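Below you'll find the structure, written out as structure tokens, and then a few comments.
Only the coordinates and a few stated rules stand behind these numbers; no lab work does. Everything numeric here is computed off the predicted structure, so don't read it as measured data. Glycine gets a Cβ as well: all are built from the backbone with ideal geometry, and neighbour counts include every protein chain shown.
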Amino acid sequence: MSEKGFVPTILLCFFLGAFGIHRFYVGKVGTGILMLLTLGGLGIWTLIDFIIIVTGGFKDGNGLPIKASN
């Protein structure tokens, strides 16, 4: 499990997802810059990331899953 929090990741994606801030937070700087330049793929990439985060499939920059604690 990643040391990055589930709640901050999902909130950053929801409120600032078009700027890729959630990707910078989890250590995915390269794709964060791409999201910033494309405004989250015009919202589509942001929506996909949000769904992946909610379902527990999102990983941090080291490949560790970011999941809600049980």
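Show that you can apply the helix-only estimate: for the chain, add -39,500 (n - 2.57) for every DSSP H stretch of four or more residues, divide by all residues, and state [θ] at 222 nm to the nearest 500.
On the way: 4 runs with 43 residues, N = 70.
Only helices count here, giving -18500 deg cm²/dmol.
Short-range pairs are left out: with C-alpha atoms under 8 Å and at least six residues apart, the relative contact order of the chain is 39 percent. Taking Cα atoms only, the orientation of helix 44-55 departs from the longest principal axis of the chain by about 10 degrees. Hey, what angle do you get for helix 29-42 against the long axis of the chain, alpha-carbon based, 0 to 90 degrees rounded to 10? Around 60 degrees separate the two axes.
Would you kindly calculate the translational diffusion coefficient of segment 14-59, applying Stokes-Einstein with the Kirkwood radius from alpha carbon pairs, for 10 °C and a viscosity of 1.306 mPa s, and quote it in µm² s⁻¹ without decimals? Walk me through the numbers before you get to the answer.
Working: Rh = 10.1 Å.
It comes out at roughly 158 µm²/s.
May I ask for the net charge around H22, where only other residues with Cβ less than 11 Å from the Cβ of H22 are counted and Lys, Arg are +1 while Asp, Glu are -1?
Numbers: positive: K4, R23, K28; negative: D49, D60.
Within the 11 Å Cβ shell, the charges total +1.
Compared with the dominant principal axis of the Cα atoms in the chain, helix 6-16 is inclined by about 10°.
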